[in-house]
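One structure is given here, and the rest of the page talks about it.
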Amino acid sequence: MTDAKAVNSADMPGPLAGIRVLDLTTVVSGPVCTALLADQGADVIKIEPPGGDITRRTAGPGEFTAMFVACNRGKRSLALDLKQAPARDAVRRLVSTADVLVQNFRPGAMDRLGLGESQLRMLCPRLIYVSISGVGETGPYAHKRVYDPVIQSLSGLADIQADGETGRPRMVRTIVADKTTAAFAAQAICAALFARERSGEGQHIRLSMLDTMVTFLWPEAMSAYAIIGREGTGSAPRPDLIFRTLDGFITVGSISDSEWRGLCGALGKPEWVEDPRFRTPAARSANAAERLTLVGEVLKTGSSRDWLERLDAADVPCAPVLRRNEVIDDPQVLHNHLIEIIEQPALGPIRQARPAARFDRTPARIAGPAPRIGEHTAAILAELGLSTGEIAALIERGAAKAL
């Protein structure tokens with residue numbers, strides 16, 4: 001008898017095998033959400049306009065950018081002009097075969113197209129319909145066009161990142177609101193699918209980038225505003241724990257008393273252990289600026305390698321600060337087999353981060369490259385029962401695009 005664990009993982013279906021997802025999203029939050037589902041085995045059909053998703057063109061001419069590939073790998077492309085009734089009819093036919101629909105049109109747009117949640121619910125009562133928005137579907141900001149910097153500004157994240165000396169707010173230099181919303185949406189979809197297994201009913205999931213980021217920041221970044229009547233107390237700004245050494249930068253931190261003792265020993269400053277300013281976690285927090293300045297003065301006297309060896313020996317949390325070009329060759333990243341190489345049409349070999357979660361029975365994997373615009377249009381429409389002539393007519397009138 002063959003041990004199930006010994007079966008080649010490439011032959012095993014992902015945890016979402018058999019789930020069909022209609023992806024009517026653009027840019028990042030929606031596409032990353034559905035890419036996560038594709039990695040886990042879902043059949044994700046990207047419904048995009050004949051000109052393609054805007055992120056195909058952000059780096060110049062051509063159908064592919066590195067960002068587009070990362071956000072849309074493993075999907076099938078169905079290119080439809082939703083301004084035309086025959087294209088919308090095709091979507092409705094497709095909905096009857098789907099488990100999940102994800103859209104991030106501006107509020108009200110899907111209803112105007114006749115593809116709103118209540119309109120499609122009649123066609124597919126078990127449908128999980130997901131609406132991703134910038135700030136919500138109603139309210140004083142609902143009319144705004146929203147991208148990641150808007151949410152970083154509204155959520156308090158830019159304030160959290162403020163310059164310690166000038167107080168000037170700063171952005172996190174990655175589209176963190178988009179990608180965090182993607183992860184929250186993917187989790188919500190899986191929860192709704194599980195609930196449907198119990199109830200047999202679909203539901204409408206509404207998720208805004210603003211709601212996501214305030215929730216994401218709340219545990220520690222907004223803790224000073226959690227206790228009513230004590231707002232603005234008990235939580236200092238999170239320090240920047242990057243320190244210069246003779247030949248680079250490292251990060252080091254200590255929370256517990258044992259870590260602080262280890263840090264003091266590694267730095268050759270045992271007297272700091274009993275210093276009243278640093279004796280307890282509360283004291284170290286109250287005197288964080290002075291403490292970090294002292295630590296920094298010591299660290300800049302030695303090399304990164306020397307300090308990291310001492311700190312590791314003392315079991316103190318630490319790491320080198322890697323430049324992005326160093327990450328892909330880092331020994332732990334290599335050990336984890338985190339970066340894979342796939343063949344992407346028009347680009348050739350391209351690096352991708354594999355799915356972060358590893359399943360021992362239903363493995364996630366990169367299902368394939370990102371699709372060309374309309375690469376699967378004819379095949380998907382044929383699956384719906386359209387004849388070759390009907391498909392050709394859609395293409396001829398510009399309601400669909402196929403290769």
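The values are calculated or read from the model by the stated rules, or taken from the named source; none is laboratory data. Keep in mind it's a predicted model, so treat the numbers as computed, not measured. Every residue, glycine as well, gets a Cβ built from its backbone with ideal geometry; the counts of neighbours run over all protein chains shown. With ligands, DNA and RNA removed, areas are computed over all heavy atoms of the protein, side chains included. Shrake-Rupley method; radii C 1.70, N 1.55, O 1.52, S 1.80 Å.
The rows are residues; the columns are (1) of a type in the set (A, V, I, L, M, F, W, C); (2) free of Cβ contacts under 8 Å to residues at least 24 places away in the same chain; (3) in contact with a Pro (Cβ under 8 Å, 6 or more places away or on another chain).
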position	(1), (2), (3)
314	yes, no, no
318	yes, no, no
325	no, yes, no
352	no, no, no
355	no, no, no
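Would you please name the residue that is nearest to residue 182 (Cα to Cα), looking only at residues in the stretch 28-55 that are within 18 Å of the chain's Cα centre (by Cα) and of a type in the set (A, V, I, L, M)?
32
State all residues of the stretch 258-272 that are loosely packed, with under 15 Cβ neighbours inside 10 Å and more than 20 Å from residue 245 (Cα to Cα); if no residue qualifies, say none.
If the condition is that a residue be loosely packed, with under 15 Cβ neighbours inside 10 Å and more than 20 Å from residue 245 (Cα to Cα), then 258, 270, 271 are the ones that fit.
Restricting attention to the stretch 359-393, report how many residues are open to solvent by less than 20 Å² (accessible area, probe 1.4 Å) and farther than 26 Å from residue 71 by Cβ.
1
Are any residues in the stretch 112-126 in contact (Cβ under 8 Å) with a residue 12 or more places away in the chain and aliphatic (A, V, I, L, M), and if so, which ones?
Within the stretch 112-126, 113, 115, 120, 123 meet the criteria.
Which pairs have Cβ atoms under 7 Å, sit 6 or more apart or on different chains, and link a residue in the stretch 203-227 that is at pLDDT 95 or above to one that is open to solvent by 50 Å² or more (accessible area, probe 1.4 Å) and of a type in the set (Asp, Glu)?
206/137
Restricting to the stretch 222-255, count the residues that are open to solvent by 30 Å² or more (accessible area, probe 1.4 Å) and within 18 Å of residue 319 (Cβ to Cβ).
Quick first cut of the stretch 222-255, residues open to solvent by 30 Å² or more (accessible area, probe 1.4 Å) only: 222-223, 225-242, 244, 246-247, 249, 251, 255.
From what's left, within 18 Å of residue 319 (Cβ to Cβ): 238-242, 244, 246-247, 249, 251, 255.
So the count comes out to 11.
Among the residues that make up the stretch 269-285, is at least one of them closer than 30 Å to residue 217 by Cβ and touching a Pro at 6+ places or on another chain (Cβ under 8 Å)?
The answer is yes; a qualifying residue exists.
Check residue 347 against each of (1) out of contact with any Lys or Arg (no Cβ under 9 Å at 6 or more places or on another chain); (2) closer than 30 Å to residue 399 by Cα; (3) open to solvent by less than 30 Å² (accessible area, probe 1.4 Å) and name the one condition it does not meet.
(3)
Could you count how many residues in the stretch 127-140 are part of a loop (DSSP other than H, G, I, E, B) and either touching a residue at least 40 places away in the same chain (Cβ under 8 Å) or touching a His at 6+ places or on another chain (Cβ under 7 Å) (or both)? Give the derivation first.
Initial filter on the stretch 127-140 (part of a loop (DSSP other than H, G, I, E, B)): 127, 134-140.
Next, from what is left, pick out any that are either touching a residue at least 40 places away in the same chain (Cβ under 8 Å) or touching a His at 6+ places or on another chain (Cβ under 7 Å) (or both): 127, 134-137.
The qualifying residues number 5.
Out of curiosity, is residue 150 open to solvent by less than 20 Å² (accessible area, probe 1.4 Å) and closer than 21 Å to residue 175 by Cβ?
In short, no.
Go through the stretch 183-202 and count every residue that is of a type outside the set (Gly, Ala, Ser), over 14 Å from residue 29 (Cβ atoms) and surrounded by 16 or more Cβ atoms within 10 Å (Cβ to Cβ).
If we filter the stretch 183-202 for residues that are of a type outside the set (Gly, Ala, Ser), which is where we start, we get 184, 187, 189-190, 193-194, 196-198, 201.
Next, only the ones that are over 14 Å from residue 29 (Cβ atoms) stay: 190, 193-194, 196-198, 201.
Pick out the ones that are also surrounded by 16 or more Cβ atoms within 10 Å (Cβ to Cβ) and you get 190, 193, 196.
Selection size over the stretch 183-202: 3.
So which residues in the stretch 290-304 are surrounded by 17 or more Cβ atoms within 10 Å (Cβ to Cβ) and among the hydroxyl-bearing types (Ser, Thr, Tyr), if there are any at all?
Correct list: 304 only.
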